[in-house]
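Input: a single structure, listed below in structure tokens.
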Amino acid sequence: MTPTEYEYLRKFLKDNSGLDLSADKQYLIESRLLPLARKAGLSGIAELVQKLQGGSRQLITDVVEAMTTNETFFFRDKVPFDHFRDHIMPEIIKARAAKRSVRIWCAAGSTGQEPYSLAMCLKEMGAALTGWRVEIIATDLSQEVLEKAKAGVYSQFEVQRGLPIQMLVKYFRQTGETWQINPELRAMIQHRQLNLLHDFAQLGTFDVIFCRNVLIYFDQDTKINIFNRLARQIEPDGFLVLGAAETVVGLTDTFRPIPERRGLYKPNDPRAAAAKPVLAGAAPRMAAVAGR
């Protein structure tokens, strides 16, 4: 791969997925895109770049999906789900007692373990949510991982990562060497394809937004832009949950951290975010169908 080809791919990936690669990540691109090039019948990275420059829609999608990290597992990092059970939902239940509805968005929901973990948490609340309308929207950039999430079928290895045995027995059915989450939980979640760099106002407003372990791949301007737009999609008394390595501090005043609750944030006045201009160049060229 020549320096020119690498610089083209760096810009391509940033424009189309937000992925901000440093100058020394050639090995990463080669390790992920060479197999893709061969599968597509191309001679190597050089021909792949030529096809991308020619506007091959399918190849654009395939390259972005090949470079996207989809590491996830059930109840990942545990703390956010403790916050959800012990702090977020008790406040939401009290605040929404008259309306009896809650909307939750899992941005970058990947293969479904995070939204299904939230669905299990909600089911475990039992009578507290009887008669409530519960809506979970799970979005992701990759159509491939969304299809896996919709099916809700996981290997023995996947269900052993973070999933308590009692939850496995209660909410999954074993078929051969795989486990499928039950239809009732699958029905709680709407899976949609979405690029976080694109407009997501059509999703509506949410009481809770989980946006974990995706913003770490973006540059500072892109993070600021996404935070400002997230602020417009969250209820004034809602909650934003970020990954352990992510923060709004020093980037935006649209959210404030909740003391002693790592990764948990409340929105400030959303009108302040609405007044901020969208950063130039934030919208990528690739059209999204409707998740990450």
Given 0.36 nm per residue, what is the gain on full extension from Ala244 to Arg232 after removing their alpha carbon distance, in nm? 2.0 nm
By per-residue mean of other Cβ atoms within 10 Å, what is the highest-first order of 116-124, 256-264, 104-112, 80-88? 104-112, 116-124, 80-88, 256-264
Go through region 197-202 residue by residue and turn each phi into a ³J(HN,Hα) via Karplus (6.51, -1.76, 1.60, θ = phi - 60°); whole Hz please, and just put x for glycine and proline. 6, 8, 4, 10, 4, 5
5 angstrom amide H check on Phe239, placed H, neighbours 5+ away: Val208, Ile209
Cα gyration tensor shape for region 153-207, rounded if a/c is under 1.5, else prolate or oblate: prolate
Using the charge dipole of the chain (Lys, Arg: +1 at Cβ; Asp, Glu: -1 at Cβ; taken about the Cα centre), state which of Tyr154, Met120, Gln193 has its Cα farthest towards the positive end. Met120
Mind listing the long-range amide H neighbours of Arg256? Cut-off is under 5 Å, sequence gap 5 or more, other chains count too, H placed in the peptide plane at 1.01 Å from N. Lys266, Asn268
Residue-normalised accessible area of the chain, given per residue in Å² at a 1.4 Å probe: 46
Computed lengthening from Phe157 to Asn182, 0.36 nm per intervening residue step minus Cα-Cα distance: 7.2 nm
What number comes out for the charge environment of Glu114, summing +1 per Lys or Arg and -1 per Asp or Glu over other residues with Cβ under 9 Å away? +2
Would you calculate a helix-derived [θ] at 222 nm for the chain, using -39,500 (n - 2.57) for each DSSP H run of n ≥ 4 and dividing by the full residue count, to the nearest 500? -11000 deg cm²/dmol
Under the Karplus relation 6.51 cos²θ - 1.76 cosθ + 1.60, θ = phi - 60°, what is the ordered set of whole-Hz ³J(HN,Hα) values for region 183-189, x standing for Gly and Pro? x, 4, 6, 4, 6, 6, 10
Taking the Cα centre of the chain as origin, work out the dipole magnitude from +1 charges on Lys and Arg Cβ and -1 charges on Asp and Glu Cβ, in debye rounded to 20. 680
By the gyration tensor of its Cα atoms, with a ≥ b ≥ c the square roots of the eigenvalues, what is the shape of the chain: rounded for a/c under 1.5, prolate for a/b over b/c, or oblate? oblate
When only C-alpha pairs under 8 Å and at least 6 residues apart count, what is the relative contact order of region 138-182, in percent? 38
Ranking request for peptides 169-179, 194-204: highest mean number of other beta-carbon atoms within 10 Å first, then the rest in descending order. 194-204, 169-179
Would you kindly derive the ³J(HN,Hα) couplings of region 166-180 from the backbone phi angles with the Karplus curve 6.51 cos²θ - 1.76 cosθ + 1.60 (θ = phi - 60°), listing them in order in whole Hz, with x for Gly and Pro? 5, 6, 4, 5, 7, 10, 10, 10, 8, 10, x, 9, 10, 10, 10
Would you please classify the overall shape of region 92-183 from the alpha carbon gyration tensor, given that a ≥ b ≥ c denote the square roots of the eigenvalues, rounded means a/c under 1.5, and beyond that prolate means a/b larger than b/c while oblate covers the rest? oblate
Before anything else, pin down the relative contact order of region 21-174: Cα pairs under 8 Å, at least 6 apart, normalised by residue count, whole percent. 23
Spin-label point model (7 Å from Cα, Cβ direction): what's the Lys94 to Thr4 distance in nm? 6.4
Note the full-extension length gain between Lys51 and Arg32 as 0.36 nm times their separation in residues minus their Cα-Cα distance, in nm to one decimal. 5.2 nm
Length-normalised contact order of region 32-102, Cα under 8 Å, at least 6 apart, in percent, tallies to 22
What is the distance in Å between the Cα centres of region 58-117 and region 207-253? 13
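The values are calculated or read from the model by the stated rules, or taken from the named source; none is laboratory data. The structure presented is a predicted model; accordingly, all values stated were derived computationally and were not measured. In this analysis, Cβ positions are derived from the backbone assuming ideal geometry, glycine residues included, and neighbour counts consider all displayed protein chains. Ligands, DNA and RNA are stripped out before the accessible areas are found, and what is left, the full protein with its side chains, is counted by its heavy atoms. Shrake-Rupley method; radii C 1.70, N 1.55, O 1.52, S 1.80 Å.
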